[in-house]
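Data first, discussion second: the structure below is written as structure tokens.
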């Protein structure tokens, strides 16, 4: 009791404060640790529709001729990016295990070259684990010259392990303007918005 | 921290407060700092209330009447932030400062210098937050939950000031919480074991642990926002590999314990008031303590029930649904214990008891609508509608705020030495209680009918209920001015002197002190049997 023995009370106060500050620092760290934990959790469970962003192999899969899966294609552009972007095929019926190919188009509507990054997502979320992209324009950044238009292939396999209740899988892309732009001088205002200097 | 010993030493107990304005700037006295917190909270309550009046005036009729939609969004955002961080949280810290040393038989808080600092951060934080209203591009307009990317990519420039204000509030809360924990664990009078502590002390101890666990996570979230906005990171930006949904996870990992931070001290206050006016000891003291602990523990495991519509897998929905509904069990224990305390008691209905009873009834209504929202499939319907608005205003206004008002009536005679006017207390009670139901009850119907929240205009079929709700809001707002007058009147003498015990059946160490209590509460520790 600090009233009777001020010295002792002060010492135990200091120890307790130190321990509590340690909890505070640990919880601040935990807030940041949630970021990688979240990614790991989503990777392991395949929820959240996060699908692979580096190429995978199609080897070793047996084509299941008895089953059909409908794959739908969706594309959208984040509002800041002056591109037109979308799938050339709206949907496609495939067998699980069968290697398939489709294309998306992208057109730069502005008068400057722009680098964009497509972010893929699969719905329903649990299907993401069974959707392998062998080739995809989302694996790297895409640069389009002013007014240019390009068709970009996607090669993919739906794994035979896809849960039987899933009959339709939707592959969706959102194109974002990349933070690395080809020419910093052309458009200062844009980079100012992100608050970073473009490294040309 | 070196002043710990000095302020608890005997030579300090005889001097009074310093003179003039500097008394309040340099004070390390728990009562002075408590008063500062309470006045700041009251001012912020009126400021946040004024914003609510703007919101309800705009929603009085369909169409755009008074403000532009951008300004309406700034009002909903600042109303939420000011009420949560400016009114309810500082008010509870104010009561903690005033009451904890008196309740546990200590002379002052354990860390008086830090106490001063943790208060004086707040006025600067709120001046900075409110000043964003006058900045180019306007104040933050993304709702008090500041979801990315609304607050990162699309936030106004003033968002950076908002982030800094949140940092200051967080530091203040963490220091306040550390002070509370150290005071309770190290400064109790001899004989006061943990399970003899009054429930207000218990609930604050657990609240303080919640604070030091989740305020740093909030600080982390706004720091990530800051670097996303200004330093090119992509925590919440899908283009750079981040994920905006993750913002919601981090935010609600803070946000759900936060709602218990606001309500647990209220449980403590009600557990002090009900036994006094029922003239019976609290029923099930130990189960009350364990119930509060269980609620605090569960609060870390239910955050994603705010996110049922983000496309969680079925297993996640089920887990968060069951865990959420489980919280009803310890909460029910508390409600039933309060009812059992009143059972066959010799009850009288002074103003603190009236507000405590209103709390029990109306908080339970908020609890039930919370159960409805906690059921995943039902939440798909209610999500982001006025039903949610009705729910959290029942638990926060008729819950936390009513408990704060009850606590004010209950302890103000002790703090000031003067009785408040019972007649005006009752007028305040009946006006507030009727008006708050007229204000928020119709919002349940609006939500069930599909009216979305956070909009300045609405479809015609919602007109009648919105008008009723706005009328209730104006009366509720005005009746708080009665409360302000009543508090000032009591400080200036009120309706006569209060006795030391104030209430006939009040028990606890704070009632053994004179009214008003001496500047330093217990210079020699009382013996607790």
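The values are calculated or read from the model by the stated rules, or taken from the named source; none is laboratory data. These numbers come from a predicted model, not from an experiment. FYI the Cβ positions are ideal-geometry reconstructions off the backbone, even for glycines, and counts take in every protein chain you see.
May I ask you to list the residues in segment B:146-161 that are surrounded by 18 or more Cβ atoms within 10 Å (Cβ to Cβ) and part of a loop (DSSP other than H, G, I, E, B)?
Answer for segment B:146-161, where residues must be surrounded by 18 or more Cβ atoms within 10 Å (Cβ to Cβ) and part of a loop (DSSP other than H, G, I, E, B): B:146, B:148, B:149, B:150, B:151, B:152, B:153, B:155, B:156, B:158.
Give me the strands (runs of 3 or more DSSP E) completely within segment A:120-185, filtered to those with at least 1 residues that are surrounded by fewer than 21 Cβ atoms within 10 Å (Cβ to Cβ) and within 12 Å of another protein chain (Cβ to nearest Cβ), ordered by residue number.
Once the strands (runs of 3 or more DSSP E) in segment A:120-185 are filtered for at least 1 residues that are surrounded by fewer than 21 Cβ atoms within 10 Å (Cβ to Cβ) and within 12 Å of another protein chain (Cβ to nearest Cβ), what remains is A:168-177.
Given the criterion crowded, with 16+ Cβ neighbours inside 10 Å and over 23 Å from residue B:255 (Cα atoms), identify the matching residue among B:143, B:80, B:63, B:138.
The unique qualifying residue is B:138.
Among the residues of segment B:133-152, is there at least one that is closer than 27 Å to residue B:273 by Cβ and within 12 Å of chain A (Cβ to nearest Cβ)?
No, segment B:133-152 has no match at all.
Anything in segment A:82-96 that is under 22 Å from the mean Cα position of the chain (by Cα) and in contact (Cβ under 8 Å) with a residue 24 or more places away in the chain? List them, or say none.
Listed by number, the residues that qualify are A:82, A:83, A:84, A:85, A:88.
Residues to consider are B:263, B:166; find the one that is over 30 Å from residue A:77 (Cβ atoms), in contact (Cβ under 8 Å) with a residue 24 or more places away in the chain, away from chain A (no Cβ under 14 Å) and in a helix (DSSP H, G or I).
The unique qualifying residue is B:263.
Kindly check whether there is at least one residue in segment A:100-119 that is out of contact with any helix residue (DSSP H, G or I) (no Cβ under 9 Å at 6 or more places or on another chain), at negative phi and either within 14 Å of chain B (Cβ to nearest Cβ) or free of Cβ contacts under 8 Å to residues at least 24 places away in the same chain (or both).
Among the residues of segment A:100-119, at least one is out of contact with any helix residue (DSSP H, G or I) (no Cβ under 9 Å at 6 or more places or on another chain), at negative phi and either within 14 Å of chain B (Cβ to nearest Cβ) or free of Cβ contacts under 8 Å to residues at least 24 places away in the same chain (or both), which makes the answer yes.
Looking only at segment B:493-513, which residues are in a loop (DSSP other than H, G, I, E, B) and without any contact (Cβ under 8 Å) to a residue 40 or more places away in the chain?
Selection gives B:499, B:500, B:501.
Sort through B:239, B:208 and tell me the only one that's part of a helix (DSSP H, G or I), crowded, with 22+ Cβ neighbours inside 10 Å and facing chain A (nearest Cβ under 8 Å).
B:239 is the lone residue from the list that is part of a helix (DSSP H, G or I), crowded, with 22+ Cβ neighbours inside 10 Å and facing chain A (nearest Cβ under 8 Å).
If residue A:36 satisfies every condition in (1) under 30 Å from residue B:300 (Cα atoms); (2) within 24 Å of the chain's Cα centre (by Cα); (3) at the interface with chain B (Cβ under 10 Å from one of its Cβ atoms); (4) at pLDDT 85 or above but one, which is the exception?
The number of the failed condition is (3).
Are any of the residues in segment B:332-341 under 19 Å from residue B:504 (Cβ atoms), away from every other protein chain (no Cβ under 14 Å), at pLDDT 95 or above and surrounded by 19 or more Cβ atoms within 10 Å (Cβ to Cβ)?
yes
Taking residue B:108 and the conditions (1) at pLDDT 95 or above; (2) within 23 Å of residue B:266 (Cα to Cα), which numbered condition does it fall short on, given that it satisfies the others?
Among (1) at pLDDT 95 or above; (2) within 23 Å of residue B:266 (Cα to Cα), residue B:108 violates only (1).
Name every residue in segment A:10-35 that is surrounded by 15 or more Cβ atoms within 10 Å (Cβ to Cβ) and closer than 24 Å to residue B:251 by Cβ, in order of residue number.
Residues satisfying the conditions are A:20, A:23, A:24, A:27, A:28, A:30, A:31, A:32, A:34, A:35.
Got at least one residue in segment B:313-330 being at pLDDT below 95, in contact with a strand residue (DSSP E or B) (Cβ under 8 Å, 6 or more places away or on another chain) and not in a helix (DSSP H, G or I)?
Scanning segment B:313-330 turns up no residue that is at pLDDT below 95, in contact with a strand residue (DSSP E or B) (Cβ under 8 Å, 6 or more places away or on another chain) and not in a helix (DSSP H, G or I).
Table: residues versus (1) in contact with a strand residue (DSSP E or B) (Cβ under 7 Å, 6 or more places away or on another chain); (2) closer than 29 Å to residue A:115 by Cα; (3) more than 10 Å from chain A (Cβ to nearest Cβ).
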| residue | (1), (2), (3) |
| --- | --- |
| B:189 | no, no, no |
| B:197 | no, no, yes |
| B:204 | no, no, yes |
| B:213 | no, no, no |
| B:225 | no, yes, yes |
| B:235 | no, yes, no |
| B:243 | no, yes, no |
| B:246 | no, yes, no |
| B:249 | no, no, no |
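Could you list all residues from segment B:169-187 that are touching a residue at least 60 places away in the same chain (Cβ under 8 Å) and either part of a helix (DSSP H, G or I) or touching a strand residue (DSSP E or B) at 6+ places or on another chain (Cβ under 9 Å) (or both)?
B:169, B:173, B:175, B:176, B:178, B:179, B:180, B:182, B:183, B:184, B:186
Looking only at residues in segment B:374-392 that are surrounded by fewer than 23 Cβ atoms within 10 Å (Cβ to Cβ) and under 21 Å from the mean Cα position of the chain (by Cα), which one is farthest from residue B:465 (Cα to Cα)?
Once the filter is applied, the top-ranked residue is B:392.
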